[in-house]
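Peer 1: First, the structure itself, so that you have it in front of you.
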């Protein structure tokens, strides 16, 4: 990530329906500069001003309390000096932004409506003068907020028993020698297509969507790559959609990528519907098709102990049940393929 120079725009998720947004700008004077909130998205301030003020102040106090912990953990756990400096800058920047948002809220928001509404719901024995802002750090666990109730990301519908992509129309279906391959597309967007395998339930059959790329494929590749000295030799099991391969090719020092994929038809169909190239003509890339437990036994002996990265892009219930040999599982074989720094 980066910390934007002034003017900065901050957006905080208040609940599942509202996002708080405000701009923080720097005003230059003759001998000094001063920060101020230039604008504030006040669509919820009229009805939730007291709750919103408590939300801002609570998060500000939380960040302030975490100051020592953030600096201590950054020094201990973050190896990269660039990442460590950026982490501290982000923490400081968000703290400063929340400070000015709180100042702005104090001077701008009308708390009278929220306060009077809150006091009328108090017990008759409770004085209106005792009304305070919400807890500064934690929510009251005994208070129910239906609009803030957390749900699974994929669950959609009143009863939470359906998936958002249940109504996606099918754009392509084919039967390979291994499985049924089906692609469905979101009719509301032109940039999201999903791959289904084996035509089982939606929960189990969904393999991947192209919209998962930023938080799945990129993290799966670049996060472990940060802990290696180099990314020259890579082997992955699964990944037939070729999206992960595209991420590997971003490393200029790359010498060899080996992909072990069950079904070649998945690659060809993914190229058609995802636009992800399998790069068959690239001399740095080798695809081994078929059962990966057999392919691992056929790899050249000199390859073992030479790879910088080995990634298993396989469902848990697959690799947990399948062994390369009677005494060796997927994880054991992957470990043997890694070099000393892999």
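The numbers here are math on the coordinates, done by the rules we state, and not lab data. Treat the numbers as computed from the prediction; the structure is a model and nothing was measured. In this analysis, Cβ positions are derived from the backbone assuming ideal geometry, glycine residues included, and neighbour counts consider all displayed protein chains.
Peer 1: Hey, what did the stretch 273-342 get for relative contact order, percent, Cα under 8 Å, at least 6 apart?
Peer 2: Result for the stretch 273-342 is 35 percent.
Peer 1: Largest first and to the nearest Å, give the Cα extent of the stretch 193-322 along each principal axis.
Peer 2: 41, 30, 29
Peer 1: For residue 192 and residue 83, what is the calculated FRET efficiency with R₀ set at 35 Å and r taken between the beta-carbons, to the nearest 0.05?
Peer 2: 0.70
Peer 1: Indicate, rounded to the nearest 5 percent, the antiparallel portion of the DSSP beta bridges found entirely in the stretch 217-337.
Peer 2: Roughly 5 percent of the beta bridges in the stretch 217-337 run antiparallel, per DSSP.
Peer 1: Using a 10 Å cut-off on Cβ atoms, rank the peptides 258-266, 190-198, 322-330 from the highest mean neighbour count down.
Peer 2: Result, highest mean first: 258-266, 190-198, 322-330.
Peer 1: Here is a follow-up. Sorted from largest down, what three extents in whole angstroms do the Cα atoms of the stretch 268-342 have along their principal axes?
Peer 2: 39, 28, 22
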